1. What is the pair-distance distribution P(r) of region 1-65, computed from all Cα-Cα distances in 5 Å bins starting at 0, with each bin given as a whole percent?
2. Using only the alpha-carbon atoms of region 66-133 as identical scatterers, what base-10 log of I(q)/I(0) does the Debye formula give at q = 0.21 Å⁻¹?
3. Given a Förster distance of 30 angstrom, what is the FRET efficiency for residue 97 paired with residue 69, based on the Cβ-Cβ distance and rounded to 0.05?
4. For region 30-101, just run the numbers: alpha carbon Rg, then divide by 2.2 N^0.38 Å, N being how many residues it has.
5. In units of 2.2 N^0.38 Å, what is the alpha-carbon radius of gyration of the chain?
6. Using DSSP to define loop residues, name the trypsin sites (Lys or Arg not before Pro) in region 1-91 whose beta-carbon has at most 13 other beta-carbon atoms within 10 Å.
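Please treat every number below as a calculation from the coordinates, not as lab data. None of the values given here were measured: they were computed from a predicted structure. Quick reminder, even Gly has a Cβ in these numbers, built from the backbone with ideal geometry, and neighbours come from all protein chains shown.
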Amino acid sequence: MKSAGACVWMVDDDPLYTTIMQAILQKTGRVAKTIAFNNASDALEALWSQANCPESLPDILLVDINMPVIDGWGFLELYAADKHKLGKLPHVYVVSSSVDVNDIRKAKSFPEVADYLTKPVTVEMMHKLLSQAEEPRPSNGSN
């Protein structure tokens, strides 16, 4: 993560949630940039288009499960298949209102997922997440 602060991308179709999350992330004082994508397809396109520019890639990806067209599971499958193309691997977190143990298990079955967070997210939760994400990820495509 950059010393000036993290770059966080949010993939969630709820504009109210992303607005609130941007405020929460800014309150931590540890985030330099946030970008919200209202669908998984746009987020994946942005990742692949910037694959060779590590400085343009996010440090952290926050991915919702329930989205139209490509849901969070589809995003994770497509991300996992092509993550080796990225010049830097972001820390990926699934963020959902679901407390279903099967969703939590499924999220944690993806080696790419660092953790599962249940909405609503707090400033304290983001501080913890940002601390966990300070360890750099390998850039060679291995998790």
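1. Whole-percent P(r) values from 0 Å outward: 4, 18, 28, 25, 17, 8, 0.
2. Results for region 66-133 at q = 0.21 Å⁻¹ read -0.99.
3. It comes out at approximately 0.95.
4. After normalising by residue count via 2.2 N^0.38 Å, the value is 1.10.
5. Dividing the Cα radius of gyration by 2.2 N^0.38 Å gives 0.95.
6. 2
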